[in-house]
Ligand code: NAD
């Protein structure tokens, strides 16, 4: 561990000294106001770096830069864009350790997951690089008098706003398809985890991405984020974050008729029927809530158990939850690191009281360990009912609420009885039941007898308060591009 800490501190030393800057028009620049804010580590609350505190003027400069670079980037042969995006992926792979280590200290996410997240970022770039040449593909729809042709063109400069959970991977997930489509980008990363967005921008610059194609503006949501969503030169906003922020962005972007794509919160159910492979279901349920600190939009934060198997399942679950290792994110054995920041830590811990007041039981975890850092123990609530706040609200920590059902109909009612609809996980050996159930389950993505396994060509996104639009495969291009119809008289 101490060797890893030394290494991570060495990677972060230049940020500690020089701060996290903006990147506009190919140059590293401070906020125009000269203002900065402090970024602290969730591990021990120590100072990590100063960050440019940008506002509307910085966003304006970045949007103008993205606008000026747009035509040349759009008109560059797609094969050239493909080459540059592959070079960015090469750069990510070459600096994967630096990215993973920086992300651990900046976010508190454990190294065992962050090493993979950095490489997933490279995969995202490769996937969309290979698709760039087909992004403009259309079709012909002839009529008796017209040869009708459809084609796609990039929408223009776009804004990308990302959250603090797995910030590196999520940034690549949004930015790679935008660039592949031929859009230019202004990225506003989360204020709580700005370091790896800066490294990513540097990698793109070193890969030969033309100046102005990718601009990075740091700052708070209510200043820089808001200005980005309101800017007239920005044609679309790809946003990942909380549902209530999504509503705000929709309002802010309405004046300029912004196209929006939202990946928002979740309260995802894992439903275990009594005929399921219970050992595999147990492994998956644990992984889906207690990995990535539970700070994961697709986490299975509600566990719905059929009554006949609930007692035994919960007993095994309690034993497993109590053996999960909480610790320093740079320790390779750590399964749960500290939560991102003090306010979030307090929010997560507040649910321990809420649960007990509402009549639920804390079967494991509950109290936060003493000492520095935003550490919470993995927590399991039992004796909960579907109307309780712990069964309705997104807690976004390593906290799982169990609920009991008797019939398939009851399971469906509980699963659908929340505002959210991002993912669902169904465990049963009865394939007909699985088909019937998944057809009615209100979620954008469902896995049957599996944890969440991401496959890049498939659509990613949620329904209800969990989002608008889809990413992945061609769906990403549909968002970042405009359909165009041209009719030739024949
Ligand atoms: P958040 O909504 O507080 O912030 C996300 C980003 O929005 C940040 O960059 C922030 O600065 C910016 N922002 C805040 N107010 C803004 C405003 N008025 N205008 C423009 N930008 C603004 O979310 P968070 O707390 O950083 O992230 C956690 C949330 O993200 C959780 O709800 C989680 O479920 C969700 N999330 C969803 C997905 C998904 O794919 N559905 C993925 C990851 C995270």
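Readers should treat all values here as calculations from the given coordinates under stated rules, not as data from a laboratory. The structure displayed is predicted, hence computed values, not measured ones. Positions of Cβ are generated from backbone atoms using ideal geometry, with glycine treated the same way; all protein chains shown enter the neighbour counts.
Show me the ranking of peptides 5-12, 96-103 by mean Cβ neighbours inside 10 Å, starting with the highest. It would help to have the intermediate numbers written out before the result.
Values: 5-12: 16.1, 96-103: 22.4.
Ranking the peptides 5-12, 96-103 by packing returns 96-103, 5-12.
Nearest 5 is fine: what % of DSSP beta bridges in the range 333-462 come out antiparallel, could you say?
Numbers: 3 of 10 bridges.
Given both bridge residues lie in the range 333-462, the antiparallel proportion sits at roughly 30 percent.
Just subtract the alpha-carbon distance of residue 130 and residue 57 from 0.36 nm times their residue separation and send over the number in nm, one decimal. Working shown, then result.
Details: separation 73, 0.36 × 73 = 26.28 nm, distance 3.59 nm.
Roughly 22.7 nm would be gained on extension.
Could you tell me the largest-minus-smallest coordinate of the C-alpha atoms of the range 315-368 on each of the three principal axes, in descending order and whole angstroms?
Taking max minus min along each principal axis of the Cα atoms, the range 315-368 gives 37, 32, 11 Å.
In nm, give the distance between the simple-model label positions of residue 413 and residue 387, each being 7 Å from the Cα along the Cα-to-Cβ direction.
Each label point lies 7 Å from its Cα, and together they span 1.2 nm.
State, to one decimal in nm, how far the label point of residue 17 lies from the label point of residue 455, with both points 7 Å from Cα in the Cβ direction.
The answer from the label model is 4.8 nm.
So what does log10 I(q)/I(0) come out to for the chain at q = 0.07 Å⁻¹, using the Debye formula with one equal point on every Cα and no solvent?
Here log10 of I(q) over I(0) equals -0.38.
Grab the beta carbon distance between residue 347 and residue 474, set R0 = 41 Å, and tell me the FRET efficiency rounded to 0.05. Before the final figure, lay out each step's value.
Working: r = 37 Å, r/R0 = 0.91.
Once the sixth-power term is evaluated, E becomes 0.65.
So, R0 is 30 Å and r is the distance between the beta-carbons of residue 332 and residue 38; what FRET efficiency does that work out to, to 0.05?
Working from the Cβ atoms, E equals 0.55.
Determine, for each peptide in 391-401, 436-446, 114-124, the mean count of other beta carbons within 10 angstrom over its residues, then list the peptides with the highest first.
On the way: 391-401: 24.2, 436-446: 17.7, 114-124: 21.7.
Packing proxy ranking, top to bottom: 391-401, 114-124, 436-446.
Would you calculate the separation in nanometres between label points at residue 2 and residue 430, each defined as 7 Å from the Cα along the Cα-to-beta-carbon direction?
Label-label distance for residue 2 and residue 430, simple model: 5.9 nm.
If you stretched the chain out fully between residue 439 and residue 90, how much longer would it get, using 0.36 nm times the residue separation minus the C-alpha to C-alpha distance? It would help to have the intermediate numbers written out before the result.
Working: separation 349, 0.36 × 349 = 125.64 nm, distance 4.07 nm.
Working it through step by step, the gained length comes to 121.6 nm.
For the modelled label position 7 Å from the Cα of residue 27 along Cα-to-Cβ, which residues of the range 190-229 have backbone nitrogen atoms closer than 13 Å?
So the set is 212.
Among DSSP bridges having both ends in the range 1-158, what percentage is antiparallel? Round to the nearest 5.
On the way: 10 of 11 bridges.
About 90 percent, rounded to the nearest 5.
Any idea what diffusion coefficient the range 266-318 gets from Stokes-Einstein, in µm²/s, Kirkwood Rh on alpha carbon pairs, 10 °C, 1.306 mPa s?
Values: Rh = 11.3 Å.
Diffusion coefficient, whole number: 141 µm²/s.
Mind checking Rg over Rh on the range 107-164, alpha carbons, Kirkwood formula for Rh?
Working: Rg = 19.4 Å, Rh = 15.5 Å.
Using Cα coordinates only, the ratio equals 1.25.
Roughly how many whole Å is it from the C-alpha centroid of the range 403-470 to that of the range 146-209?
29
Place the peptides 140-147, 50-57 in order of packing, highest mean first, counting for every residue the other Cβ atoms within 10 Å and averaging per peptide.
Values: 140-147: 10.4, 50-57: 21.1.
Result, highest mean Cβ count within 10 Å first: 50-57, 140-147.
Between 0 and 90 degrees, rounded to the nearest ten: what's the tilt of helix 307-322 against the longest Cα principal axis of the chain?
So the helix axis and the longest Cα principal axis differ by about 70 degrees.
Please work out the Cα center distance from the range 72-93 to the range 346-381, rounded to the nearest Å.
46
Calculate, in nm to one decimal, what residue 220 and residue 254 gain on full extension: separation in residues at 0.36 nm each, minus their alpha carbon distance. Before the final figure, lay out the partial values.
Numbers: separation 34, 0.36 × 34 = 12.24 nm, distance 2.04 nm.
Contour length minus Cα-Cα distance gives 10.2 nm.
First obtain the Kirkwood hydrodynamic radius of the range 46-147 from its Cα pairs, then insert it into the Stokes-Einstein equation at 25 °C and 0.890 mPa s, and state the resulting D in µm² per second as a whole number.
Values: Rh = 17.3 Å.
In µm²/s, the coefficient rounds to 142.
Can you give the convex hull volume of the alpha carbon atoms of the range 206-300 per residue, in Å³? Let's see the in-between values first.
Values: hull volume 16.0 nm³, N = 95.
Taking only Cα atoms, the range 206-300 has a hull volume of 168 Å³ per residue.
Can you give me the angle between helix 195-206 and the longest principal axis of the chain, using Cα atoms only, in degrees from 0 to 90, rounded to the nearest 10?
Helix 195-206 sits at roughly 30 degrees to that axis.
What is the distance in Å between the Cα centroid of the range 288-338 and that of the range 216-262?
Centre-to-centre (Cα) distance: 34 Å.
With all pairs of different alpha carbon atoms counted, what Kirkwood hydrodynamic radius in Å does the range 403-462 show?
On the way: mean 1/r = 0.0816 Å⁻¹.
That comes to 12.3 Å for the range 403-462.
From the helices alone, meaning DSSP H stretches of at least four residues, give me the mean residue ellipticity at 222 nm for the chain, per-run term -39500 (n - 2.57), in deg cm²/dmol to the nearest 500. Walk me through the numbers before you get to the answer.
Details: 16 runs with 207 residues, N = 490.
Helix contribution divided over all residues of the chain: -13500 deg cm²/dmol.
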